[in-house]
1. Give the lysines reachable from A:LYS403 as a straight Cα distance under 20 Å; neighbours fewer than 8 places away on the same chain don't count.
2. Where in chain A are the DSSP H helices whose alpha-carbon span along the long axis reaches 15 Å or more and whose Kyte-Doolittle mean is at least 1.0?
3. Past 20 Å, Cα to Cα, is the threshold; run A:LYS171/A:LYS398; A:LYS138/A:LYS743; A:LYS422/A:LYS732; A:LYS28/B:LYS39 against it and keep the listed order.
4. Kindly identify the protein assembly as shown as rounded, prolate or oblate by the Cα gyration tensor criterion: order the square roots of the eigenvalues as a ≥ b ≥ c, call it rounded if a/c is under 1.5, otherwise compare a/b with b/c, prolate if a/b is larger, else oblate.
5. Are there trypsin sites (Lys or Arg not before Pro) in the stretch A:259-310 that DSSP puts in a loop and that have at most 13 other Cβ atoms within 10 Å, and which ones?
6. If you scale each eigenvalue of the Cα gyration tensor by 5 and take the root, what three semi-axes come out for the stretch B:107-209, rounded to whole angstrom and sorted largest first?
7. For B:ASP191 and B:ALA10, what is the calculated FRET efficiency with R₀ set at 51 Å and r taken between the beta-carbons, to the nearest 0.05?
8. For the stretch A:332-406 and the stretch B:28-80, compute the distance between their C-alpha centroids and round to whole Å.
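Every number in this text was worked out from the coordinates using simple rules, so none of it is lab data. Just so it is clear, the model here is predicted, and its values are computed rather than measured. Using ideal geometry, Cβ is built from the backbone for each residue, glycine included, and neighbour counts are taken over all protein chains shown.
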Amino acid sequence: MSTDSNTKYVGKAPSRVEGPLKVTGQAKYSAEFSVPDLVYGYVVSSPVAKGKIRKIHADKILALPGVIQVFSHENVPTLAWFDRSYKDDVAPGGSPFRPLHDDEIKFSQQPVALVVAETFELARYAASVLEIEYEQEKHATDVEALREKGQEPGSGKTGYKPPVRRGNADKGLSKAEHRIKQEYIHGTQHHNPMEIFGATVHYHPDGKLTVYDKTQGVYNCQQYLKKVFGLSADKARVVNLFMGGGFGAGLRPQYELFLSVLAALELKRSIRLSLTRQQMFSLGHRPHTVQTVELGTGPGGELLGLKHKAVHETSRFEEYTENVVNWSGMLYQCPDVHLEYEVVPLDVFTPLDMRAPGAATGSIGLEVAMDEMAYEAGIDPLEFRRRNYADRDQNEDKPFSSKKLREVYDEGARRFGWDQRKMEPRSMREGNKLVGWGMAGGVWDASMQKAAAKASITADGKLTVSSAAGENGTGTYTVMTQIAAETLGLPMEAVTAKLGDTTLPEAPVQGGSWTAATVGSAVKSVCEALGEKLLKLAQKMDDSPLKGAKPEDVEFVNGLIRLRKEPRQSVVLRDVLQVSGEREIEADSSVMPNPLNMQKYSMHAHNAVFVEVQVDEDLGTIHVTRVVNVVAAGRIINQKTARSQVLGSVVWGISMALMEETVMDHRYGRYMNHNYAEYHVPVNADVRDIEVHFVEEEDPHVNPLGVKGIGEVGLLGVAAAITNAVYHATGKRVRSLPLTIDKLL
Amino acid sequence: MNPFTLTRAASVDAAVRDFSGHEAAAYIGGGTNLLDLMKENVAHPQHLVGLNKLPLSSIESTTGGGLRLGATATNADTAWHAEVQQRYPLLSQAILAGASPQLRNMATNAGNLMQRTRCYYFYDTATPCNKREPGSGCAAIGGYNRIHAILGTSDSCIATHPSDMCVALAALEAVVQVQGPDGSRQIKFEDFHRLPEDAPERDNTLQAGELITSIDLPAQGFAENFAYLKLRDRQSYAFALVSVAVGLELDGNTIKEARLALGGVAHKPWRDKAAEHLLKGQPATEATFRKAAEAVLKEAKGQGTNDFKIELAKRAIVRALTQAAAGEQKASDVFTNSNP
Amino acid sequence: MSTVSTTSAADGQLRPLVPPSPVTLRINGQDHTLQLAPWTSLLDALREYAGLTGTKKGCDHGQCGACTVLVDGKRINSCLTLAVLQEGADITTIEGLGSEHALHPLQQAFIDHDAFQCGYCTPGQICSAQGLINEGKAQTEDEIRELMSGNVCRCGAYVGILAAVKEVVDAKR
């Protein structure tokens, strides 16, 4: 593909192609598909954190007219036996949770029964009066109290990297002129996308299922159904056309999938099952994490030693891991590094990747500590980072495929006006408020996965590209459309993108910021393959000026196929289609990451965030009044949707820093603020000026598109920058997030 | 939510009769809290008496120079009513500091008084709660009680009343008009809500079947020197950790009349007459305000995670009194006032 | 170890079911006669009985604003009212504001400013914005921010939402 200055769509800012559907309420989410003769399910959740179910008194509610069935471990049919059948593509090590499997309660809010009735209201009511007897056992849920029981994980999920060690950190630190050692804590968080988790299962007369599920991976769910229920692929089609937010919550098959399919198969009926907002606090979470960071600098402000340890909880049955500490070994140059990472098994549900898993956490520890270190050494925090710039990935001892973090620093500082900052805390005011400026940044993997795509063009010049990726707000439909239109020289209106359906070519789960790189590359590849077929057809035309031309000799522009060197030598694409006599021309293709490049280079996106806060010191209130977030993430396919992702990341960072936390009452092992009134995320009034800027970064190694992904990198450093700004405003260093009113009093 | 029957009453008499004629009946106005609690399986009425057709939605002057707020007038219509905004800006702004525009469009004035606590344990049927299930115990004591009371608590309950509107109504000395099976009566606002004592299941002093018909404001509206200050976990659409309603009447720099009420700190809107007395006749200075703040919180008791509220309440009182004395909050500045 | 016997409902008593009866709702200018029991919320009536799924369920407790519709021109949370209580009212949902090929100015502004990502809160945001315009109380950015705060957007599209609503508010002045 040509550079963005020569492109028509790629790198530009077209509006979302699915926008009209979303703003008119016509976009269909999983619990909204109209299916005849639906029955409704309602889940009953465990009130205890650990124990056994002694008895489920289903008879009483089964007597209610309209109540169809109560599913529980007492009557669930024999299903797959081995753990591996329940393992999904992104499962961590251990034994996956099996809904309704046996009488054991492993965590509070565990689903223990599914009530099915003719209406939603009746199912809800019947569930509320279903009597269940439990034997309660002693549970343990407090990671802070049990942190000493942490153990280095043995397995973990795909992508987990054991903590890095190099040199001798203690020795490095002992040589330091200035040192700091601090502990940082943040509470549990839940993804809480706006759409409630739910599924509609269409049970067709021939026994086949169409499963509309809220998921970030239709193939991941289909695999699960195949293995757990022994269904063949043609019997279990999984569809997700629109997802009302995921943020990781839909990476793994959630229990609404299991329960709704179980009920549909057993009852031979179509069913709709929606969880409640309250039940969404039982779907996995960003774990409560305790971090310790130790830094030391030499006379020039150079880092001489770095230690970073993190401990968080996992469940008793799975060993959930995320990469919390490793970023600290690569973001800055440092010879002596010791990283540690431990998990504590507790009586909770398994944590689940949540937007920028690990890095969002680790960047709070590292980047607040870097600020503390800068102050200890008396160096401006941005200057301190520049002095410790890493030109090479020391973790893997590889060069970066590209890294424009210096330019990010320059651009961010310039846009924010960082040079006007006074170093001293409490030195800036506006009216009766203290003003603080803080900064921080982060690094995130630029990944690509294997994916397939299909393209077909009809005689009227309409192109359809498809790949079973997901659209959860990131703009996948739009990016697919842009790339296809660009590659085959068509207007975007002539292109239809299809995704989220297991009848389409396979794509990975939507996560890791890899979708644009992965599915984008697959779409580009399949359009190029289709282009070759079109060229051959064009060459068959009488007097074709393209005769003898190789694919690389031609380009597709404005509905024409033309010679690159002699652009006036062209044929009209639509004529090619018409003359060919074919109704439809198709191509398939699949892509995978280049293993050679992956071996040679460290591939990462970077960002830096500059924040202004105003603090009312008497009352402890904090307003984030200004944010500049500058990102270097390779090529940006769509400036508009990419900006929105980073804007959203900033809102997430504000949330992490100031308000978001699920609080557990350890006496009950239960999250107590499990609703949207008391689990606070920002509202419109919490958000003021946010500026997003992308630094141009060409990367020929990362993937054919040069895309690094931006769904996660934008979140990094936001919470740390706010924390640092609050210190600058008040002189008070808070090391426990969220930074609620009580912590500043 | 359990099944229930519903009738929409056409008159107050009919509503009261309908209520008395059914077992486990409840009145439903806007429904914003009742339906929430029914879905949470906390409230279990078997019959609802719908009030939204009653002729109780007007806002009109009373003979005594005050203002009568109809029971079924919405919170939004009340807050944006010209006379409320001009004469009782404290009330207007307290209402607008609460909930969201949508909820204020639904919630009625009477319903605002009747809303129940937001205590996590009250809402979660998996945990004990004396208010929800008398005798089961109070899980908030010794638990996660960040949003709980520091004043007027008992061994059986530390819940707070969540309203913003009611804090202003307490400061304004409103009077609640009710009608019940035994006729009508009026209840002074300070006597309407009650402290938990050993019966936290009872939020207020209404008798069974009694229906609020209006909330009457006396003539004195403190429109010149007032403040409503609300401290919460985000800038909007969150319940108060601490809120303060202040009305002052000044003679030069001397306080002639003072009203002071707190929200988010007790089982009822917490008006402190003794502190008001301390303010009267005193110069409007920080020292005076501090003295009053100390007095209000003298008996305060933290429960662990809400200890911070004691200091926060003191500071909020001083700030609100300072703002009120300075005439800093204006009736016209509807939005920015309450949010420091 | 202790044994507990629980139901979610505090008293656990079975109550007689109340049969549905015809309820006529005026939605987007059209009468819909639906068979509803009193316990059906307006939100569920729209989504499950009238087939109008543009109105979203995000919390079902008035804590997110995704279910916002206009009743007699005023924005409300449709999850916290009963359908039977809205008989006789004029209900407008997102489907009644505009269509894919005849977008309402707010719908167009939301697209132009990319005022959404996943789109799930969007119908509620747009209905809420129409309610805000009907109320006529918000003109400045801060006023719009405050009066749009009853609609949570977890994707965090508030910057775009503000720009979109402001544009339409300004155009009406």
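1. A:LYS600, A:LYS708
2. Working: long enough: A:218-229 (16 Å, -0.28); A:255-267 (18 Å, 1.58); A:359-377 (25 Å, 0.41); A:405-416 (16 Å, -1.09); A:476-488 (18 Å, 0.53); A:515-540 (37 Å, 0.36); A:639-658 (28 Å, 0.50); A:718-730 (18 Å, 0.96).
The answer, listed by residue number, is A:255-267.
3. Working: A:LYS171/A:LYS398 25 Å; A:LYS138/A:LYS743 32 Å; A:LYS422/A:LYS732 16 Å; A:LYS28/B:LYS39 26 Å.
With Cα atoms farther than 20 Å apart: A:LYS171/A:LYS398; A:LYS138/A:LYS743; A:LYS28/B:LYS39.
4. Numbers: a/c = 1.58, a/b = 1.31, b/c = 1.21.
Since a/c reaches 1.5 and a/b is larger than b/c, the shape of the protein assembly as shown is classed as prolate.
5. On the way: sites: A:LYS268, A:ARG269, A:ARG272, A:ARG277, A:LYS307, A:LYS309; in loops: A:LYS268, A:ARG269, A:ARG277.
Within the stretch A:259-310, the qualifying trypsin sites (Lys or Arg not before Pro) (loop, at most 13 other Cβ atoms within 10 Å) are A:LYS268.
6. Details: eigenvalues 131, 48, 28 Å².
The answer is 26, 15, 12 Å, longest axis first.
7. Working: r = 30 Å, r/R0 = 0.60.
Working from the Cβ atoms, E equals 0.95.
8. Taking the Cα centre of each part, the stretch A:332-406 and the stretch B:28-80 sit 54 Å apart.
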